[in-house]
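The structure under discussion appears below in the form of structure tokens.
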Amino acid sequence: MEETKLVLGTAQLGMEYGINNRLGLPSLNQALDTLLSAYQNNIRYFDTANSYGRAEEVLGNFIAKFKYKDIKVISKLRPDALGKNNSKEDLYQAVKKEIVISLKNLKSEQLNGYLLHEPKYMYNQAVVAALKRCKKEGLIKNWGVSIYEASDALFAAQKARADYIQIPYNIFDQRLDHNAFFKLTKKNGIRVFARSAFLQGLFFMDIDKLPSHLKEAKSYLLKFEQIVTKYHIGKAEAALLFVYLNNNIDHVIIGVDSKAQLLQNINILNKKIEFDQCRQELVKSFPQIDKTIIFPSLWKKG
């Protein structure tokens, strides 16, 4: 079996995460079992962050227990890690300190990738220089950034020339298909990691039970349901395949609440269902949706 494009996101293994998460935080044994199942199904990339509760430590326990040599871990700089450091050397020391903490948590000697969790830092040349210095020293193999805004994605691809760029991309969020982003990443040899395929579970919520702060999403969810029903495709299948089958995307990050959920997602890809016509209609139906729906950080809790 060839290596899958899937990346296992570990936020749910370290903290309660996702609007539709009903299972809560898994036990350590449950988390280790999920990680092992991911590896056994050819997932080699694991996405984590020091800000994801205990996620790095859980992944570190897995790495230490099974000693697989081909695991590729991507972690992220804590949003508030740099504080008020201003000098180039101070910023380097702050970045390096955070990387070393993550490496210790992960029981590893090198990270495959290390991303800026806050895109604003990629505009600071001293911060980027610090990451490149850590790369040269062998602490990280690739540096990158996790973005939210299309303008940041374009800067990361064209100006910053990050090795890795992590983007939000899903049926409701097709913004980057409508600018030069993917053309730039191909041209500059940048790996693209897509997250939010399921929009934190919004696609699966009972439309009649949407919280008041998400009522604006109802009409879109109804349209989504009508389309996938028309093609006899499940919601999870449509949401995952929409991202996975985009040839401009190198890796697709999925988070799961359990091993069973992970295996359900893997089974979707193994079934190889006919999806072209459904995908074309989904592309045409949701070209541009307001950020208050596609940005979970803007979901007002009410």
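Read-outs throughout are calculated quantities, based only on the coordinates presented, and are distinct from any laboratory measurement. None of these values were measured; they are calculated from a predicted model. Heads up, the Cβs are rebuilt from the backbone with ideal geometry, glycines too, and the neighbour counts pull from every protein chain shown.
Could you check the spin-label model distance between E149 and A129? Points 7 Å from the Cα along Cα→Cβ, value in nm.
Each label point is offset 7 Å from its Cα along the Cβ direction, giving 2.5 nm.
In nm, what is the difference between 0.36 nm times the number of residues separating D177 and S258 and their Cα-Cα distance?
Values: separation 81, 0.36 × 81 = 29.16 nm, distance 3.15 nm.
Answer, rounded to one decimal: 26.0 nm.
With charges set only on the Cβ (+1 for Lys and Arg, -1 for Asp and Glu), what does the dipole of segment 71-142 come to about its Cα centre, in debye to the nearest 20? Provide the component values of the computation, followed by the final result.
Details: 15 positive and 7 negative charges, 37 e Å.
Once rounded to the nearest 20, the dipole reads 180 debye.
What number, in percent, do you get for the relative contact order of segment 47-166 if the mean sequence gap of Cα pairs under 8 Å and at least 6 apart is divided by its residue count? Mind showing how you got there, number by number?
On the way: 186 pairs, mean separation 28.7, N = 120.
24 percent.
Loop only per DSSP, at most 10 neighbouring Cβ atoms within 10 Å: give me the trypsin sites (Lys or Arg not before Pro) in segment 47-148, ordered by residue number.
Details: sites: R54, K65, K67, K69, K72, K76, K84, K88, K96, K97, K104, K107, K120, K132, R133, K135, K136, K141; in loops: R54, K67, K69, K84, K107, K141.
The qualifying sites are K67, K69, K84.
Once you've got the Cα coordinates, tell me which of K209/K235; K5/K215; K97/K300 are over 23 Å apart.
Working: K209/K235 17 Å; K5/K215 33 Å; K97/K300 34 Å.
Table pairs above 23 Å Cα-Cα are K5/K215; K97/K300.
What FRET efficiency would be calculated for the residue pair F295, K187, taking the C-beta separation as r and a Förster radius of 25 Å, to the nearest 0.05? Walk me through the numbers before you get to the answer.
Working: r = 28 Å, r/R0 = 1.11.
Calculated transfer efficiency: 0.35.
In nm, give the distance between the simple-model label positions of K65 and Y39, each being 7 Å from the Cα along the Cα-to-Cβ direction.
Spacing of the two 7 Å Cα→Cβ label points: 0.9 nm.
Could you tell me the distance between the Cα centroids of segment 43-67 and segment 226-254, to the nearest Å?
Centre-to-centre distance over Cα atoms comes out at 27 Å.
Toward the positive end of the charge dipole of the chain, about the Cα centre and with charges on Cβ (Lys, Arg +1; Asp, Glu -1), which of G9, G189, N105 goes farthest?
Value: G189.
Please get the size of the charge dipole for the chain, origin at its Cα centre, with Cβ charges of +1 on Lys and Arg and -1 on Asp and Glu, quoted in debye to the nearest 20. Show your work: numbers first, answer last.
Details: 44 positive and 31 negative charges, 132 e Å.
Charge dipole, the chain, about its Cα centre: 640 debye, nearest 20.
Given the C-alpha centroids of segment 88-109 and segment 141-212, what is the distance between them in whole angstrom?
Using only Cα atoms to place each centre, the spacing works out to 26 Å.
Counting only Cα, what are the radius of gyration and maximum Cα-Cα distance Dmax of segment 173-242, in Å?
15.1, 45
Using r as the Cβ-Cβ distance of Q158 and Q277, and R0 as 22 Å, what FRET efficiency do you calculate, to the nearest 0.05? Intermediate results must be reported in sequence, preceding the final value.
Numbers: r = 34 Å, r/R0 = 1.55.
After rounding to 0.05, the efficiency reads 0.05.
Step by step: find N for segment 109-241, compute 2.2 N^0.38 Å, then divide the Cα radius of gyration by it. What's the final number? It would help to have the intermediate numbers written out before the result.
On the way: Rg = 18.0 Å, N = 133, 2.2 N^0.38 = 14.1 Å.
Against the empirical 2.2 N^0.38 Å value, I get 1.28 for segment 109-241.
How large are Rg and Dmax for segment 1-128 when only the alpha carbon atoms are used, in Å?
Taking only Cα atoms of segment 1-128, I get Rg and Dmax of 15.6, 48 Å.
Extension gain F204-H232, at 0.36 nm per residue separation less the Cα-Cα distance, in nm?
Numbers: separation 28, 0.36 × 28 = 10.08 nm, distance 1.58 nm.
Using 0.36 nm per residue and subtracting the Cα-Cα distance, I get 8.5 nm.
Stick to the Cα atoms of the chain, pair each with every other, and give me the Kirkwood hydrodynamic radius in Å at one decimal.
Working: mean 1/r = 0.0502 Å⁻¹.
After inverting the pairwise mean of 1/r, the radius is 19.9 Å.
Translational D (Stokes-Einstein, µm²/s) of segment 141-196 at 25 °C and 0.890 mPa s when Rh comes from the Kirkwood sum over C-alpha pairs? Please report the intermediate quantities before stating the final value.
Values: Rh = 11.0 Å.
Estimated diffusion coefficient is 223 µm²/s.
Quote the FRET efficiency, to the nearest 0.05, computed for L245 versus N86 with a Förster distance R0 of 35 Å and r equal to the Cβ-Cβ distance.
Details: r = 45 Å, r/R0 = 1.29.
Computed FRET efficiency for L245 and N86 comes out at 0.20.
Per DSSP helix of 4 or more residues, -39500 (n - 2.57); summed, then divided by the residues of the chain. What does that give at 222 nm, rounded to the nearest 500? Write out the running numbers ahead of the final one.
Working: 12 runs with 123 residues, N = 302.
Helix-only estimate at 222 nm: -12000 deg cm²/dmol.
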